[in-house]
Each structure stands twice: as structure tokens, then as C-alpha cells.
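Following: one structure in C-alpha cells, then a few remarks.
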Amino acid sequence: MDNVKHRILVLSGKGGVGKSSVAVNLAVWLSMQGKQVGLLDIDIHGPSIPKLLHLEHMKVQAVGDQIMPAAYSDTLKVMSVGFLLHNDADALIWRGPMKHNVIKQFVTDVCWGDLDYLVTDCPPGTGDEPLSIAQLLGQIDGAVIVTTPQQLAIVDVKKCITFCRQLNLPVLGVIENMSGFVCPHCNQPIEVFAGNGGREMADDFGVPFLGKIPIDPALAHACDLGAPFVDSRRPNPTAEAMRSAFEPLLKAGPPLQADTSQNDKQDQESKQENKSTMRIAIPITNGKLSAHFGHCQEFALVDVNEQTREIAGVEKLQPPAHEPGALPRWLGEQKADVIIAGGMGQRAQQLFTQNKIKVVVGAPEQSVEELASAFLDNTLETGQNICDH
């Protein structure tokens with residue numbers, strides 16, 4: 001992944017909204033802009049990327065200890081569990097650990113080479129696969145959320161944005177798919193679903209709205225043929241709507257950054273205003289450091305005068321339930337600057353870093369005062385990260 005500049009997830013809390021077709025057309029469009037692109041399909045139980053790219057008969061090969069992805073073109077590489085099945089009727093009846101392991105292989109063992117973009121098509125929902133890829137990819141530029149206009153879909157897709165917020169994944173924008181119908185005779189759009197569900201949801205959550213893609217019989221036919229519609233050479237409002245929606249995702253230079261919400265900006269500004277006091281967060285159980293930060297009884301928040309290096313006060317609080325992303329966000333709200341822990345997984349460490357919180361792991365099982373004093377005196381002895389999960 002060190003050779004991948006930008007990493008984008010395509011998510012939806014609802015199945016059947018056209019998420020995979022959006023992911024395919026986004027990847028193809030990026031490659032048409034002269035970018036080196038990888039398309040990763042982690043829908044273990046319903047891989048559709050091979051069919052959408054007319055690669056369903058492709059079988060990938062291993063060279064040494066690496067898997068060679070399928071090549072759609074000189075600028076687009078593709079990997080899917082669909083390439084590993086004997087036929088398209090095979091069912092993979094796997095539980096979470098098996099799915100996590102194969103996704104890890106797709107990230108670490110596939111020879112992606114140098115990529116400008118890696119686009120990952122996730123299955124619907126907020127379960128094992130999206131959580132695994134969020135943990136395994138490391139620094140992710142953000143997620144594109146796909147929905148359809150009707151409220152039945154919006155209710156489920158909102159959960160997907162909440163999922164991103166809890167994991168500190170930026171939301172790059174919302175695409176409202178199947179928005180209206182393009183008449184094949186007059187080429188004019190006709191509203192099928194009432195309202196503007198996608199735009200209203202984006203406004204409610206304060207995330208960008210990328211655009212609407214209408215229902216188009218020609219698009220459905222292209223999907224069946226395995227011909228990405230965004231590559232259509234004929235003037236077509238659907239293809240143009242796709243290109244318009246994808247344009248904001250094409251960035252050069254540093255990694256993509258979603259717009260920071262006003263609340264997050266205010267939190268950061270407030271944190272920067274008072275630099276004379278440092279706050280150290282220490283997870284404790286029975287008065288001493290807890291072995292794993294997410295399973296502690298309470299958090300001790302130690303306020304320190306940075307000029308005198310003396311402890312100014314200690315506050316003990318009950319943490320929220322241990323869910324992905326909850327504790328880094330909560331400690332960020334508590335204005336913590338440092339967390340001292342016995343053990344912590346890599347993804348959690350990344351989330352704390354994104355919240356501007358320094359992480360110290362491998363600390364000994366000592367009292368709050370002993371740990372804080374040793375940290376301030378630069379005498380804190382740390383060992384192995386004892387609980388790296």
C-alpha cells in the first residue's frame with residue numbers, strides 16, 4: 001500500500017442501489033484520465049466486478065508469493081474473489097475471520113504496483129468486510145456513499161455515514177443513483193422516485209453531494225455486456241452525469257481531504273488556543289493501567305501544566321461503549337493530547353493520530369500518578385504492545 005497514492009472506498013448501507021456499477025465506472029473514468037488505477041472487489045458473497053468488466057472468465061495467477069491482478073487495460077488492474085471461483089454458481093459460506101483473511105491477502109499479497117488510485121467496492125451494510133478494509137488499508141482518503149432517492153434506501157444509507165464517522169473515515173461525497181429515468185425515445189429525464197433523498201441526506205450530515213445518475217436502459221444493457229458506460233462515445237446525459245459526479249474526486253498532489261465539518265474545525269481551534277495545559281488519558285482498571293485501552297473500567301484524564309511539568313488535576317470518567325472509532329472520537333472531545341496504554345491495535349493508533357492524540361503503548365501496569373510522572377520526567381519505560389488487536 002505504500003505505492004498507492006489515493007485510496008477510496010465505495011460504500012452503501014443498502015443493497016441494489018448500483019454501488020458496484022458506480023465503483024466500476026469511477027475506476028474506469030479515473031484510468032481514462034491517465035491515472036494508474038486498481039479496482040478491489042471485497043464483496044465476498046456476491047462479487048459482480050468481473051461481470052461488469054467482462055472479465056468473468058479470467059483466472060488470476062500467482063508469481064512467487066504474490067498474486068497478479070487481472071488487467072482490464074494498461075491503466076486498470078482488478079482483483080476479486082470472483083476470479084478464484086470455479087464457476088459463477090459457487091457459494092462461499094464463510095464467517096468473519098475467513099473473510100478478513102482473504103481481504104488481507106488482497107491488500108498485502110496482490111502485486112498492485114504503483115497506483116494513483118485504489119478504488120474498493122464494498123458489499124452493502126456496515127459489517128465485517130467494510131470494517132476489515134478500513135483497518136487494513138491504513139490511511140484512507142475517504143468514502144463515496146451511494147444511495148437511491150427513496151426513503152427506504154436513505155434510512156439504511158444514513159447508517160453508512162455514521163459508520164464512517166465512527167471510524168473517522170472522511171466522506172468524500174454522496175451519489176444519488178437511479179435518480180429519475182432517461183426516456184430512450186426523447187432522451188429526457190423523468191422522475192420516478194419523489195423527493196431529493198440523496199441531496200437532503202448529504203445536507204443533513206454536512207457532506208458533499210456529488211450528483212445524480214438517472215436510470216437508463218442503455219446503462220443496464222452496458223452492465224450486462226461488461227462495457228463501462230462512462231466510456232460511452234455517444235452524447236448521453238447519464239454518462240455525462242457520471243463524469244460530472246466523478247470530477248471532484250480527481251485530485252492531484254497530496255491525499256484527498258473531505259471537507260471538515262464546522263464542529264470539527266471549532267474543536268481543533270479550541271484545542272490550539274490553550275497550549276499551556278496538556279491532558280493525558282490513561283485507561284485504568286482497579287486503579288492501575290488496563291491491559292487493553294478499550295476494555296478498561298474508566299479513564300483517568302490527567303491535566304498537566306506544561307511549563308512547570310506538574311500535575312494540575314485528575315478527572316475520572318466512564319468511557320462510551322467499546323465500538324470501532326468511538327474511543328478516539330470521545331477522547332478527542334475530552335481534549336486529550338496523549339494516551340498511555342498497555343496494548344492497542346494499529347487501526348486504533350491511526351485513529352488516535354488522526355484525532356491529534358499522541359499514543360504511547362507498552363506501558364507497565366502502574367498507578368495513574370506513577371505513569372503520568374514517569375511520562376513527564378521522560379523516564380517511562382515501555383515494552384511490547386501486549387494486546388495488538
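The values are calculated or read from the model by the stated rules, or taken from the named source; none is laboratory data. What you are looking at is a predicted structure, and each value in this text was computed from that prediction instead of being measured. In this analysis, Cβ positions are derived from the backbone assuming ideal geometry, glycine residues included, and neighbour counts consider all displayed protein chains.
Key figures
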{"read-out": "Selection from the stretch 352-389 of residues that are closer than 13 Å to residue 294 by Cα and in a helix (DSSP H, G or I)", "value": "352"}
{"read-out": "Meets criteria (among the small types (Gly, Ala, Ser), closer than 17 Å to residue 114 by Cα, surrounded by fewer than 24 Cβ atoms within 10 Å (Cβ to Cβ) and in contact (Cβ under 8 Å) with a residue 24 or more places away in the chain) for residue 73", "value": "yes"}
{"read-out": "Residue check for residue 180: small (Gly, Ala, Ser), modelled with pLDDT of 90 or more and in contact with a strand residue (DSSP E or B) (Cβ under 6 Å, 6 or more places away or on another chain)", "value": "no"}
{"read-out": "Residue list for the stretch 134-153, filter: of a type outside the set (D, E, K, R) and over 19 Å from residue 21 (Cβ atoms)", "value": "134, 135, 136, 137, 138, 139, 140, 142, 151, 152"}
{"read-out": "Of all residues making up the stretch 81-115, the number that are within 19 Å of residue 63 (Cα to Cα), assigned to a helix (DSSP H, G or I) and within 21 Å of the chain's Cα centre (by Cα)", "value": "8"}
{"read-out": "Verdict on residue 26 being under 30 Å from residue 154 (Cα atoms) and touching a residue at least 24 places away in the same chain (Cβ under 8 Å)", "value": "yes"}
{"read-out": "Selection within the stretch 310-350 - assigned to a helix (DSSP H, G or I), of a type outside the set (D, E, K, R) and more than 18 Å from residue 280 (Cβ to Cβ)", "value": "326, 346, 350"}
{"read-out": "Hits in the stretch 59-80 - residues which are part of a loop (DSSP other than H, G, I, E, B) and touching a helix residue (DSSP H, G or I) at 6+ places or on another chain (Cβ under 7 Å)", "value": "59, 60, 75"}
{"read-out": "Single condition residue 276 does not satisfy, out of (1) surrounded by 13 or more Cβ atoms within 10 Å (Cβ to Cβ); (2) out of contact with any Ser or Thr (no Cβ under 6 Å at 6 or more places or on another chain); (3) modelled with pLDDT under 90", "value": "(1)"}
{"read-out": "Selection status of residue 368, in contact with a Ser or Thr (Cβ under 9 Å, 6 or more places away or on another chain) and either under 21 Å from residue 141 (Cβ atoms) or not hydroxyl-bearing (Ser, Thr, Tyr) (or both)", "value": "no"}
{"read-out": "Residue ID - surrounded by the most Cβ atoms within 10 Å (Cβ to Cβ), chosen from residues in the stretch 136-160 that are in contact with a Gly (Cβ under 8 Å, 6 or more places away or on another chain) and farther than 11 Å from residue 197 by Cα", "value": "145"}
{"read-out": "Only one of 290, 367 that is buried (at least 16 other Cβ atoms within 10 Å of the Cβ), of a type in the set (S, T, N, Q) and not assigned by TED's automatic domain parsing to the domain that holds residue 137", "value": "290"}
